[in-house]
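Asks: Below you'll find the structure I mean.
Quick note: the coordinates plus some simple rules give every number you see, no bench work behind them. Bear in mind that the values here come from a model prediction, so they are computed numbers and not experimental data. No Cβ is skipped: glycine too gets one built from the backbone with ideal geometry, and neighbour counts run over all protein chains shown.
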Amino acid sequence: NAGVTQTPKFQVLKTGQSMTLQCAQDMNHEYMSWYRQDPGMGLRLIHYSVGAGITDQGEVPNGYNVSRSTTEDFPLRLLSAAPSQTSVYFCASSPGTALKQYFGPGTRLTVT
Amino acid sequence: AQKVTQAQTEISVVEKEDVTLDCVYETRDTTYYLFWYKQPPSGELVFLIRRNSFDEQNEISGRYSWNFQKSTSSFNFTITASQVVDSAVYFCALTPYGGATNKLIFGTGTLLAVQP
């Protein structure tokens, strides 16, 4: 099992550009989430999904879109990148509510 | 409101010292889960423990131990005889049970530096 994979590992964007961060898991987990990690702020939930076709907003959803067309994939789209979105992004999956979450290796995004 | 507070931003110890990382949480839910994750310098998040709100027994795993006290809303983590490999950022997190959110509410983390 590869677990949770994320691509790319690093990305630099200019303000206003759009891009998609990819996340995939091969554990057949129903729950998937996106978090961002900023210095001194821990990790904060951006969006989450409880199954294919179902997504909802987390704590900091503005500027991001998600979709979940398959159980395996949960891409995060930045619509128009802003410097405030410079962060490390983690994708996570879990087999059920309140269970251990498995995290991907992270994507370090810089917006200039 | 639900919140996790890790008041210790950074801790520095010398190898073989014992160290306790504090975690205080706030929730109105009667059922919830608490977690600890480790983030070594390589950046990945490593799961350490999950504890539900009805189980107040302390847990020990090798050099690691956890003390859960509902009366003080604390879930502290102790490393005995610390080693350089324990140097990392440690996060405490809370998940309410019920509904379909499965969201983790993280503390801001404690950076532990273990000096040789």
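Asks: Per residue, how big is the convex hull of chain A when only Cα atoms are used? Give it in Å³.
Replies: Enclosed volume per residue, from the Cα hull, is 90 Å³.
Asks: Could I ask something else about it? Report the calculated FRET efficiency for B:THR78 and B:ASP29 (r = Cβ-Cβ distance, R0 = 22 Å), to the nearest 0.05.
Replies: On the way: r = 26 Å, r/R0 = 1.17.
In this case the efficiency is close to 0.30.
Asks: Sort the stretch A:32-94 into rounded, prolate or oblate with this rule: let a ≥ b ≥ c be the square roots of the eigenvalues of the Cα gyration tensor; rounded if a/c is under 1.5, and if a/c is not under 1.5, prolate when a/b is larger than b/c, oblate otherwise.
Replies: Note, shape of the stretch A:32-94 comes out prolate.
Asks: Taking only the alpha-carbon positions of chain B and ignoring solvent, what does the Debye formula give for the base-10 log of I(q)/I(0) at q = 0.13 Å⁻¹?
Replies: -0.47
Asks: With label points built 7 Å along Cα→Cβ from the Cα atoms of B:VAL85 and A:ALA82, find their separation and express it in nm.
Replies: For the pair B:VAL85/A:ALA82, the computed spacing is 4.4 nm.
Asks: Here is a follow-up. Per-residue Cβ counts within 10 Å, from other chains only, averaged over B:89-95: what number is that? Write down the numbers at each step before the final one.
Replies: Working: counts 2, 0, 3, 1, 3, 0, 5.
Mean inter-chain Cβ contacts per residue within 10 Å come to 2.
Asks: Summing Lys, Arg as +1 and Asp, Glu as -1, what charge do residues with Cβ under 9 Å from the Cβ of A:PRO105 carry, A:PRO105 excluded? Don't skip to the answer; put the middle values down first.
Replies: Details: positive: A:LYS9; negative: B:GLU44.
Once all neighbours under 9 Å are counted, the net charge is 0.
Asks: Still on this structure, please answer the following. Separation of the stretch B:72-97 and the stretch A:29-60 by C-alpha centroid, Å?
Replies: Cα centroid to Cα centroid, the span is 22 Å.
Asks: What is the gain in length, in nm to one decimal, between A:GLN22 and A:SER67 on full extension, counting 0.36 nm per residue of separation less the C-alpha to C-alpha distance?
Replies: Details: separation 45, 0.36 × 45 = 16.20 nm, distance 1.12 nm.
In short, 15.1 nm is gained.
Asks: Restrict the search to the stretch B:27-113; then list the trypsin sites (Lys or Arg not before Pro) that DSSP places in a loop and that have at most 12 other Cβ atoms within 10 Å of their Cβ. Spell out each step's value before the answer.
Replies: Details: sites: B:ARG28, B:LYS38, B:ARG50, B:ARG51, B:ARG63, B:LYS70, B:LYS103; in loops: B:ARG28, B:ARG63, B:LYS103.
Counting only loop positions with at most 12 other Cβ atoms within 10 Å, the trypsin sites (Lys or Arg not before Pro) in the stretch B:27-113 are B:ARG28.
Asks: Just rank B:TRP66, A:TRP34, fewest to most, by other beta-carbon atoms within 10 angstrom.
Replies: On the way: B:TRP66 21, A:TRP34 27.
Ranked by crowding around the Cβ, least crowded first: B:TRP66, A:TRP34.
Asks: Please list log₁₀ I(q)/I(0) at q = 0.17, 0.18 Å⁻¹ for the protein assembly as shown, using the Debye equation with identical point scatterers on the alpha-carbon positions.
Replies: For the protein assembly as shown, the Cα-only Debye profile gives -1.24, -1.34.
Asks: Next question. Considering only Cα-Cα distances, which of the following residue pairs are longer than 29 Å: B:LYS16/B:LYS38; A:LYS14/A:LYS100; A:LYS9/B:LYS16; B:LYS70/B:LYS103; A:LYS9/B:LYS103? Intermediate results must be reported in sequence, preceding the final value.
Replies: On the way: B:LYS16/B:LYS38 19 Å; A:LYS14/A:LYS100 35 Å; A:LYS9/B:LYS16 35 Å; B:LYS70/B:LYS103 21 Å; A:LYS9/B:LYS103 24 Å.
Long pairs (Cα-Cα over 29 Å): A:LYS14/A:LYS100; A:LYS9/B:LYS16.
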